[in-house]
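Here is the structure we will look at, set down as C-alpha cells.
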Amino acid sequence: MGDRCDKCDTHNKFVGDPANGEECFYSLALDYQFTFNMTKPEDLHFKRINFQNRPIRSDLNTDFHITCSKAAKINITVKTVLEPERVILADYNCTQYEHTFQQSDYNFGTPDNTTFYVYVYGLKPPLFVQVAFSQTPRLNLRQFFITFSTCFLLLLVIAALLWKIKQKYDNYRRRQRLFVEMEQMASRPYAQALLEIAKRLPPGTREPACAGLPPGTREPTCAVRKRHRAAVPCPIVLEQCAGNRAALITVVIEGPTGGEQFAPAGVSGIIVGTALVADGTSRKDSMDRLSKADGKKGAKTVTPLNSDVCV
C-alpha cells in the first residue's frame with residue numbers, strides 16, 4: 001500500500017516493513033483454513049501473495065495445506081531466533097500441496113519461535129488460493145485402546161456393584177414383606193372348635209345302635225341321628241366371600257386306615273380340608289333341610305346336635 005508501495009495493509013492483517021526491504025505477509029492463525037478470492041477487477045494487478053505462521057505447541061506436528069485454482073509457484077522457508085531464513089521448498093507448482101512438519105525436526109514454540117514463510121508468486125487472476133496451518137493431535141491407537149479398556153472394566157465393576165446393591169435391597173424388601181405377612185397372619189382372628197370323634201371298632205365288630213348317645217335315647221332315633229351324623233359334616237371354619245354368594249368352609253376329615261383300627265404309623269389320621277362352596281351353606285341349613293325332608297316322609301322329629309359340637 002501507499003504511494004510508493006512502502007506500507008503493508010495492516011487493517012487486513014498483513015505485517016512487514018517494505019520501506020526497509022521486507023515483504024508483506026498475511027499472518028495465518030492455526031487450525032483455520034483461509035481462502036483468498038482474487039476475482040474482482042481491482043484484484044487483477046496482484047502477482048504474488050505471502051503468508052506466515054508460527055506454530056505454538058512444541059509437542060505436536062504441524063500440517064500444511066495449500067490449493068491454487070490456477071497454475072502458480074510457491075516457495076516455503078523457515079526461520080528461528082537463532083537461525084537465519086532457509087529454504088524448504090522452491091519453485092513448486094502450486095496446484096495442491098500438503099506436507100507435515102515434524103516436531104522432532106523443528107523446535108516449535110518458545111524460545112526458538114520457529115516461523116514458516118510461504119511465497120506464492122506467478123499469479124494470474126482471477127483465481128483463489130486456499131491455505132491452512134494446523135496442529136491437531138493425532139489419534140494414538142495404543143492410548144485409545146488402553147483408555148477404552150480401562151473405562152470398560154470400570155463400567156463392569158460399577159455395574160457389578162450396582163447389581164449387588166440391588167440384590168441386597170431386593171432381599172431386604174422380601175424379608176420386610178415376609179415380616180408384614182407374618183404379622184398379618186398372626187393378627188388374624190382365631191377360635192376353638194370342639195370335635196367329637198367316634199372310636200373306630202376293630203374289623204368285624206358291630207357298633208351298638210345307641211353307642212355314644214345320651215342315656216334314654218330310643219333306638220330309632222339313634223339310627224336316624226347316626227345317618228345324619230355321617231351325611232352332614234359341619235365346618236369348623238366358615239369364611240363368607242364378598243357378596244355372600246360363596247364361602248370357604250373348612251372341615252375335619254378322618255383319613256383312611258386301610259381296614260385297620262388306627263392309621264398306619266407316621267400317617268395322620270385327622271386331615272383338615274378346605275373347599276369353596278356356593279351360597280355359603282352351613283351345617284344348620286343342612287340340618288333344617290334334612291329335618292323337613294324326614295318330616296314329609298312321616299319320620300319323627302330329629303333333635304339337632306349340640307351347636308358347639310362338630311361331627
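Below, the figures for the structure above:
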read-out: At R0 = 51 Å, FRET efficiency that the Cβ-Cβ distance of K166 and F262 yields, to 0.05; value: 0.40
read-out: Per-residue Cβ neighbour rank within 10 angstrom, fewest leading, H11, H65; value: H11, H65
read-out: Neighbour-count order for F34, F148, F64, fewest beta carbons within 10 angstrom listed first; value: F148, F34, F64
read-out: Shape call, the range 4-74: gyration tensor on alpha carbons, a/c limit 1.5; value: oblate
read-out: Which listed pairs, of K13/K40; K7/K47; K40/K70; K73/K124, have C-alpha distances above 22 Å, in listed order; value: none
read-out: Separation of the F34 and L155 label points, Cα + 7 Å toward Cβ, nm; value: 4.3 nm
read-out: For M185, M38, order by how many other beta-carbon atoms lie within 10 Å, fewest first; value: M185, M38
read-out: Simple label model, 7 Å out from Cα along Cβ direction - I197 to Q130, nm; value: 10.1 nm
read-out: Spin-label zone in the range 154-192 - amide nitrogen under 12 Å from a point set 7 Å from the Cα of V272 along the C-beta vector; value: 190-192
read-out: Projected label distance in nm at V78 and D9, using a 7 Å step from Cα toward the beta-carbon; value: 3.0 nm
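Computed from the coordinates by the stated procedures, all read-outs in this text should not be read as laboratory data. Worth saying up front: this structure is predicted, and the values here are computed from it rather than measured. Because the Cβ atoms are built from the backbone with ideal geometry, glycine has one as well, and the counts that use them run over all protein chains shown.
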